[in-house]
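See below for the structure under consideration.
Every read-out reported here was derived from the displayed coordinates using simple, explicitly stated rules and does not represent laboratory data. Computed from a prediction, not measured in an experiment: that's the story for all the values here. Note that we place each Cβ from the backbone using ideal geometry, even for glycine, and neighbour counts take in every protein chain shown.
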Ligand code: GRG
């Protein structure tokens, strides 16, 4: 990441990190082992893509007071972190490393890792319920999040990902898994920011669409990085997808074609942003589209 995107990101990431710390129960709250486990993966060093996208959506909608969107942004990061902890479990992807550290279940054991994830998910809805926003905004946010995380989104995507191990991938299946497992929450994050910033229906549907395409390209790049990325930069094991016979874009088309498809999709997303949001309001998304495809972490 470079230039003005880097300074935009650093400033907002700092706000998100501080909000997360303030909005989470303290590490020594009872029972301390649960609170330690909740904070362990949360503060292990994520990019904070989803909460920052919520801020981006809020700002594009015309929101001026970032503190208004921060509890919602924090809730999205709690949900994402919950999904990472569960994804790493032996019953799912069985990964020993996450965010550059041993996975939650490696440190706390499986039972606590499951429960830390559960507690993060529950706490996210408490943050939404207690946010300083009108009830109709909160209900719209809850609808957006539950649709993105339920059977049509993350949970359904994770099920397809799990039952498709070893299956010969088709383009339809790979894209369906990627859209649900990864793109749904990324799209939801931009839309949640839009809802809190009181975006109208047209802008909301643009934010959902741009987020869904960015999410798809994000997961295609994740597949590429699993194949050719560096473990240290990724903060997790690499070459795991092939080993487990995952239905990935790289398995479908190979690294070269995956990269060229990702770049073509990136170009279409940039056109969409310029056409529907405009360069002035949408510059973060335009530059983010480049970062997502060219990233190494
Ligand atoms: C949310 C109800 C509910 C269930 C969760 C376990 C599960 C069901 C879903 C797993 C989905 C999953 C882990 C998808 C992969 C998404 C992905 C590309 C994660 C990596 O995101 P980054 O690179 O990670 O943004 P950091 O660590 O930077 O936050």
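Return a whole-number percent for the relative contact order of segment 3-294, with Cα pairs under 8 Å and 6 or more residues apart as the contact set. All intermediate terms of the calculation are to be shown ahead of the outcome.
Working: 439 pairs, mean separation 57.4, N = 292.
Result for segment 3-294 is 20 percent.
Using just the helices of the chain, give the 222 nm mean residue ellipticity in deg cm²/dmol: DSSP H runs with n ≥ 4 each add -39,500 (n - 2.57), and the total is spread over all residues, rounded to 500. Can you show the working numbers first?
Values: 16 runs with 214 residues, N = 297.
Helices in the chain give a 222 nm mean residue ellipticity of -23000 deg cm²/dmol.
I want to check the label-to-label distance for residue 136 and residue 22. Put each point 7 Å from Cα in the C-beta direction and report it in nm to one decimal.
About 2.8 nm, to one decimal.
Separation between the residue 276 and residue 107 pseudo-spin-labels, each 7 Å from Cα along Cα→Cβ, expressed in nm?
Distance between the two pseudo-spin positions: 3.9 nm.
Would you mind estimating how fast segment 3-294 diffuses translationally, via Stokes-Einstein at 20 °C and 1.002 mPa s with the Kirkwood radius over Cα pairs, in µm²/s? Walk me through the intermediate numbers first.
On the way: Rh = 19.2 Å.
It comes out at roughly 112 µm²/s.
Percent relative contact order of segment 159-297, based on C-alpha pairs within less than 8 angstrom and at least six residues apart? Working shown, then result.
On the way: 169 pairs, mean separation 39.9, N = 139.
Relative CO of segment 159-297 lands at 29 percent.
Distance between the C-alpha centers of segment 84-114 and segment 182-200? Whole Å please.
28 Å
What full-extension length gain, to one decimal in nm, is calculated for residue 14 and residue 1 as 0.36 nm per residue of separation minus the Cα-Cα distance?
On the way: separation 13, 0.36 × 13 = 4.68 nm, distance 1.58 nm.
In short, 3.1 nm is gained.
Which residues does a label at residue 159 reach in segment 206-229, if reach means a backbone N under 16 Å from a point 7 Å past the Cα toward the Cβ?
none
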